[in-house]
Amino acid sequence: MAKLIVLTLLGMGLALFKNHQFSYQTRLNALREVQPIELPNCNLVKGIETGSEDLEILPNGLAFISSGLQYPGIKSFNPNNPGKILLMDLNEEDPTVLELGITGSKFDLSSFNPHGISTFTDEDNAVYLLVVNHPDAKSTVELFKFQEEEKSLLHLKTIRHKLLPNLNDIVAVGPEHFYATNDHYFLDPYLRSWEMYLGLAWSYVVYYSPSEVRVVAEGFDFANGINISPDGKYVYVAELLAHKIHVYEKHANWTLTPLKSLDFNTLVDNISVDPETGDLWVGCHPNGMKVFFYDSENPPASEVLQIQNILTEEPKVTQVYAENGTVLQGSTVASVYKGKLLIGTVFHKALYCEL
């Protein structure tokens, strides 16, 4: 009788394991391959070899780029050096990148590990850069003031909070006010891996201000990119392993109400919003298995989607760029400026194309 019980439990466990394995492969889109879609006059950005995970373009064409991310379970081509923030002037004929110096006596450059970024410009046209940072595998938000003449960042503050344990991306709504995504619930690496494998949709979005911090949306299977509409009325959240982008209405008290969700056949990462049209530009992973289990002989592909009229009954989704990894591996973000498209990656290079 005991043997029968054990065999039954083993059988149930094996069936459960196989179901989760199938679900895991489905969530990672493990079987998808892309058909290439090329753009004219594409050039790799000189000076970017170890990632351009997130980027933000100011109205004047200056682009901030976070580079050198080291994220658990993800490939790094430069694992022994800190990350950096790069600056690129998209008004130049053949733009190159410049590493921004960081000043501020209390900031530890040696453990700088930048992830998602966002800018906020105040009434005096001062530009603040908010950076998700992972020093020593922890999560903080670093607040910088951009000093354009000196081409540097002045570190003003480090933000930590118990509701910001596993930060991924951020969108600033004030110099010290933001929405941010936590892509995992657990802090422990072992529990994080099981959380992801089992598909526990426990990640969440937080609103932060110096006076209050609260969860404003939850139940995500790996909450990833986040951004806001040009009029500030709607917040967009990418749910990576569910292949969805969620639209929320933002209220005066900073709470969010879900409005709609869009489904995709790709893993949606960071979201950029065109300030003029309101279009969403999304860096995507067609096959997440190739990102999380890197093989240089079979590298992860890249894909960029444009979403027009997302608030209407029938949004228009266009696959603008797709490539199988021979040029660009693991696209995470895409943003437009004056007819040009800048595409970043989690650990690889960056590409600049004409649309």
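The values are calculated or read from the model by the stated rules, or taken from the named source; none is laboratory data. Predicted model only: the values in this text are computed from it and were never measured. FYI the Cβ positions are ideal-geometry reconstructions off the backbone, even for glycines, and counts take in every protein chain you see. In case anyone asks, the SASA skips ligands and DNA or RNA and just uses the protein heavy atoms, side chains included. Shrake-Rupley method; radii C 1.70, N 1.55, O 1.52, S 1.80 Å.
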Legend entry - Residue ID - farthest from Asp169 (Cα to Cα), chosen from residues in segment 270-282 that are open to solvent by 10 Å² or more (accessible area, probe 1.4 Å) and not hydroxyl-bearing (Ser, Thr, Tyr): Glu276
Legend entry - strands (runs of 3 or more DSSP E) fully within segment 31-118 counting 2 or more residues that are touching a Phe, Trp or Tyr at 6+ places or on another chain (Cβ under 9 Å) and not polar (S, T, N, Q): 54-57, 62-67, 84-89
Legend entry - His285 vs. criteria crowded, with 24+ Cβ neighbours inside 10 Å and either more than 24 Å from Arg27 (Cβ to Cβ) or more than 14 Å from the chain's Cα centre (by Cα) (or both): no
Legend entry - Residue list for segment 159-195, filter: in contact (Cβ under 8 Å) with a residue 24 or more places away in the chain and of a type in the set (Phe, Trp, Tyr): Phe178, Tyr179
Inset, instruction - Could you identify the single residue in Leu311, Leu342 that is under 19 Å from Asn41 (Cα atoms) and at pLDDT 95 or above? - result: Leu342
Legend entry - Whichever residue in segment 129-139 is outside any loop (DSSP other than H, G, I, E, B) and touching a Phe, Trp or Tyr at 6+ places or on another chain (Cβ under 9 Å) and, among such residues, is farthest from Leu58 (Cα to Cα): Pro135
Inset, instruction - Inspect segment 140-147 for any residue being outside any strand (DSSP E or B), modelled with pLDDT of 95 or more, farther than 24 Å from Val346 by Cβ and of a type in the set (Lys, Arg) and give the result as yes or no. - result: no
Inset, instruction - Find all pairs meeting these conditions: Cβ atoms under 8 angstrom apart; at least six residues apart or on different chains; first residue within segment 339-355 and free of Cβ contacts under 8 Å to residues at least 40 places away in the same chain; second residue open to solvent by 10 Å² or more (accessible area, probe 1.4 Å). - result: Gly339/Glu354; Gly339/Leu355
Inset, instruction - State all residues of segment 123-167 that are over 17 Å from Ile85 (Cβ atoms) and open to solvent by 40 Å² or more (accessible area, probe 1.4 Å); if no residue qualifies, say none. - result: Glu123, Asp124, Asn125, Asp136, Ala137, Lys138, Arg160, His161, Lys162, Leu163
Inset, instruction - Name the one entry in Leu240, Leu262 that is under 18 Å from the mean Cα position of the chain (by Cα) and crowded, with 20+ Cβ neighbours inside 10 Å. - result: Leu240
Legend entry - Residue satisfying condition, being hydrophobic (A, V, I, L, M, F, W, C), open to solvent by less than 30 Å² (accessible area, probe 1.4 Å) and touching a helix residue (DSSP H, G or I) at 6+ places or on another chain (Cβ under 6 Å), within set Leu267, Leu305: Leu267
Legend entry - segment 87-114, residues that are at pLDDT 95 or above, open to solvent by 80 Å² or more (accessible area, probe 1.4 Å), closer than 22 Å to Asp136 by Cβ and among the polar types (S, T, N, Q): Ser110
Legend entry - Filter result for the condition that a residue is hydroxyl-bearing (Ser, Thr, Tyr) and either under 23 Å from Leu44 (Cα atoms) or touching an Asp or Glu at 6+ places or on another chain (Cβ under 7 Å) (or both), over Thr140, Thr119: Thr119
Inset, instruction - Return yes or no: is Lys46 farther than 12 Å from Thr345 by Cα and over 19 Å from the mean Cα position of the chain (by Cα)? - result: yes
Legend entry - Residue check, Leu198 in contact with a helix residue (DSSP H, G or I) (Cβ under 8 Å, 6 or more places away or on another chain), surrounded by fewer than 18 Cβ atoms within 10 Å (Cβ to Cβ) and either at pLDDT below 95 or under 24 Å from Ile37 (Cβ atoms) (or both): yes
